[in-house]
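Written out below as structure tokens is the structure these notes cover.
No lab work stands behind these numbers, since they all come straight from the coordinates. The model shown is predicted, which means the values in this text are computed figures rather than measured ones. Cβ: placed from backbone, ideal geometry, glycine included. Neighbour counts: every protein chain shown.
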Amino acid sequence: MEILAFGVQADEKPLIEAAFRGHHEVRCLDVFLNEDTAPIAAGYEVVCTSVNCDLGNHVLQTLAAGGTQMVAQRSTGFNNIDLKVAERLAMTVARVSSYSPYSVAEFAWALAMAVNRRIVRASTRTRDFDFRLDGLMGRDMHGRTAGVLGTGKIGEAFARIAHGFGMNLLGWDVAETPACMQLGMRYVPKERLLAESDLVSLHVPLMPETSRLIDADALKAMKDDAILVNSSRGGLIDTAALVAELREGRFTGVGLDVYEAEAGLFFLDKSLQAIEDDTLARLVTFPNVLVTSHQAYYTEDAVGQIVEATLKNVLDYKEGRRSENVLVPRS
Ligand SMILES: NC(=O)c1ccc[n+]([C@@H]2O[C@H](COP(=O)([O-])OP(=O)(O)OC[C@H]3O[C@@H](n4cnc5c(N)ncnc54)[C@H](O)[C@@H]3O)[C@@H](O)[C@H]2O)c1
């Protein structure tokens, strides 16, 4: 069988090809699956997708009409897939329920420390042989308070690093994680976490209950000099409201690896085009904001594990096995 993989990055391709060798052929495309590209999948029983692929009603209907029976998503989050439609179309959907949480947690910390210690500005200056320190003052993390919204696998890994810095830990989640409590984390209501934290990091999944979790009121509840990091999903933050607060000169730093309208932008080279998204264009002008394009997971370790799990998901589908990765089972 030949599988069609959408949205494959250049350094991901050899890993995918090596993993599938001896099992199934894979045709890797750098384009993302969307309404325009869905017809390419005609005749492919299995398509392999990534976070910024669109698997809404229209695309799923096109895939089903072309004979696709399985979607193997190369990520943990699946908010881009309409599972109800997939089920109605009798299409199996599997994702990668877990892989190195350290990849994302360590990157969230890279963002936090980069904005805190003004690393990007410092690097730009030294390339210009400007060795002044003005405007580069940061703050110790030791003794300050980290607020972790979502204390699952990634949130726990983030909290462990915060603990290593000697920070006080506040948590907010629908379920308490014993390992976090052993680190001294206190679970508090969201409002209290936002009001008391010097660093707020988001690690909940995007779902209707968490959409715009950080809205205008939540941003106003935060300390003026707090650091906000989002390495989970862009839709957790009302970005227009964030821009309004930044315009008021609030926040020591904001590190965003995800953006609510990132599909169609992130993972693509848009450097020669006019950016039509005014919110994103404004966001990147703030000196205290750092935006990266959904790269937190992008380590050899995590991508290797994602590819291995995706292969296993396809083999399980072919051989009629179920696993914790299956979101819509084979009917
Ligand atoms: N930027 C990236 O490259 C990248 C990579 C992987 C994952 N992610 C994001 O990180 C998220 C977290 O991943 P994880 O592996 O830690 O997931 P996880 O399932 O281990 O943890 C999620 C936590 O959120 C909590 N939660 C769920 N719904 C909630 C709600 N309504 N209110 C409060 N808490 C709630 C859960 O109880 C759980 O503790 C993913 O959903 C994904 O969106 C981003």
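Shown is the FRET efficiency for L133 and N79, computed with R0 = 45 Å from the Cβ-Cβ distance and rounded to the nearest 0.05: 0.60. For the cross-link pairs K153/K318; K270/K312; K84/K223; K84/K220; K84/K312; K13/K270, the ones whose C-alpha atoms lie over 32 Å apart are K270/K312; K84/K223; K84/K220.
One decimal place: the segment S98-S123 gains 5.5 nm when fully extended, by the rule 0.36 nm per residue minus the C-alpha distance. What's the long-distance tail for the stretch 101-291, i.e. % of Cα pairs beyond 22 Å? Distances greater than 22 Å cover 45 percent of the Cα pairs.
Note: relative contact order over the stretch 101-291, using C-alpha pairs below 8 Å and six or more positions apart, is 20 percent. Estimated at 0.36 nm per residue, the fully extended path between E319 and R88 surpasses their Cα-Cα distance by 81.0 nm. Computing FRET efficiency as 1/(1 + (r/R0)^6) for V284 and K220, where r is the C-beta to C-beta distance and R0 is 25 Å, gives about 0.65. When Rg and the Kirkwood Rh are both derived from Cα coordinates, the Rg/Rh ratio for the stretch 194-276 amounts to 0.99.
If every alpha-carbon in the stretch 174-237 counts as one equal scatterer, what log10 I(q)/I(0) does Debye give at q = 0.20, 0.25, 0.29 1/Å? Values returned for q = 0.20, 0.25, 0.29 Å⁻¹ are -0.88, -1.25, -1.37. Distances over 17 Å make up what percent of all Cα-Cα pairs in the stretch 123-177? That tail contains 52 percent of the Cα-Cα pairs.
Taking every C-alpha pair closer than 8 Å and separated by at least 6 residues, the mean separation divided by the residue count of the chain gives a relative contact order of 18 percent.
This ranking places E308, E260 by how few other beta-carbon atoms lie within 10 Å of each, fewest first, which gives E308, E260. Judged by the mean number of other Cβ atoms found within 10 Å, the most tightly packed of the peptides 311-321, 174-184 leads the ranking 311-321, 174-184. Using the Cβ-Cβ distance between H142 and V31 with R0 set to 56 Å, the FRET efficiency from 1/(1 + (r/R0)^6) comes to roughly 0.75. When the inverse distances between all different Cα atoms of the chain are averaged and flipped, the Kirkwood radius reads 21.0 angstrom. Diagonalising the gyration tensor over the Cα atoms of the stretch 1-92 and scaling each eigenvalue by 5 before taking the square root yields semi-axes of 20, 14, 12 Å, largest first. Ranking N57, H23, I3 by Cα position along the charge dipole of the stretch 1-63, where only Lys, Arg, Asp and Glu carry charges on their C-beta atoms, puts H23 farthest toward the positive end. Here, the stretch 185-331 has an Rg and a Dmax of 18.5, 58 Å when only alpha carbons are counted.
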